[in-house]
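In what follows, a structure is listed as structure tokens, so that the remarks can point back to it.
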Amino acid sequence: MLTFKTNTPEETIELGKKIGRLLKKGDIIAMQGTLAAGKTTITKGIAESLGISDTITSPTFCLISEYEGNMPLYHMDVYRLEGTDDFENLGTDDMLYGEGVSIIEWSEKIMDALPKKTIILKIEPHDDGTRTITIENWNNGEIK
């Protein structure tokens, strides 16, 4: 398990860039955290490191946003889904097992549908604006 603390949204984006540089095709990141914890903020950094110049926004209402860069990024938000069956009915297999990276916000709802190799990224916001970010199941090298 790896633990990081960020003090500002900019530092959270920088951590995302460091993570993104180490991702490989087929990686899945299951993001967990409360509303406004910083899930989309860290995704912005990951996307930038993948060569994506599009503006990254939370896919809350469209459920899945796809971005093209050095490799595809599939950014999913499953907050509005009822559970695993709804997720599987979205047809996400091509994304999860494809040529890109998948990031799933609110993944707590569908963990049983994700492969064992899934990287779990938990973000805990604090009252002072800082965040504690914990990464579990990380096998992609050292984050510097």
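Taking the stretch 87-108 on its own, how many of its residues are over 16 Å from P59 (Cα atoms) and assigned to a helix (DSSP H, G or I)?
So the answer is 6.
Condition first: over 20 Å from K144 (Cβ atoms), open to solvent by 30 Å² or more (accessible area, probe 1.4 Å) and touching an Asp or Glu at 6+ places or on another chain (Cβ under 8 Å). Can you find one or more residues in the stretch 10-23 that meet it?
Let us first name the residues in the stretch 10-23 that are over 20 Å from K144 (Cβ atoms), namely none.
Checked against the condition, which is being over 20 Å from K144 (Cβ atoms), open to solvent by 30 Å² or more (accessible area, probe 1.4 Å) and touching an Asp or Glu at 6+ places or on another chain (Cβ under 8 Å), the stretch 10-23 yields no hits at all.
The conditions are (1) open to solvent by less than 80 Å² (accessible area, probe 1.4 Å); (2) modelled with pLDDT under 90; (3) over 12 Å from the mean Cα position of the chain (by Cα), and G69 fails exactly one of them. Which is it?
(2)
Could you please find all residues in the stretch 121-144 being more than 18 Å from S102 (Cα to Cα), of a type in the set (D, E, K, R) and part of a strand (DSSP E or B)?
The answer is E124, R131.
Can D128 be described as of a type outside the set (S, T, N, Q), under 19 Å from T8 (Cβ atoms) and surrounded by fewer than 20 Cβ atoms within 10 Å (Cβ to Cβ)? First the steps, then the outcome.
On the way: of a type outside the set (S, T, N, Q): yes; under 19 Å from T8 (Cβ atoms): yes; surrounded by fewer than 20 Cβ atoms within 10 Å (Cβ to Cβ): yes.
Yes; evaluated as a whole, the condition is true for this residue.
For the stretch 105-144, enumerate the residues that are polar (S, T, N, Q) and under 17 Å from M95 (Cα atoms). Step through it out loud before you land on a result.
At the first step, the residues of the stretch 105-144 found to be polar (S, T, N, Q) are 107, 118, 130, 132, 134, 137, 139-140.
Hits for the stretch 105-144 are S107, T118.
Note down all Cβ pairs under 9 Å where the first residue falls in the stretch 48-76 and is under 17 Å from E10 (Cα atoms), the second is in a loop (DSSP other than H, G, I, E, B) and among the hydrophobic types (A, V, I, L, M, F, W, C), and they're at least six residues apart or on different chains.
Listed by first residue and then by second, the contacts come to E48/I56; S49/L23.
For the stretch 26-54, enumerate the residues that are aliphatic (A, V, I, L, M) and open to solvent by less than 30 Å² (accessible area, probe 1.4 Å).
Within the stretch 26-54, the first condition is being aliphatic (A, V, I, L, M), and the residues that meet it are 28-31, 35-37, 42, 46-47, 50, 52.
Listed by number, the residues that qualify are I28, I29, A30, M31, A37, I42, I46, A47, L50, I52.
Suppose we filter the stretch 12-54 for residues that are in a loop (DSSP other than H, G, I, E, B) and under 23 Å from G129 (Cα atoms); how many remain?
Our first condition is that a residue be in a loop (DSSP other than H, G, I, E, B); within the stretch 12-54, this holds for 23-27, 33-38, 50-54.
Imposing the further condition that a residue be under 23 Å from G129 (Cα atoms) reduces the set to 33-38.
Number satisfying all stated conditions: 6.
The values are calculated or read from the model by the stated rules, or taken from the named source; none is laboratory data. Note that the structure is predicted; figures quoted are calculated from it, not measured. Neighbour counts run over all protein chains shown; Cβ positions are idealised from the backbone, glycine included. Just so you know, the surface numbers come from the protein's heavy atoms only, side chains and all, with ligands and any DNA or RNA stripped out. Shrake-Rupley method; radii C 1.70, N 1.55, O 1.52, S 1.80 Å.
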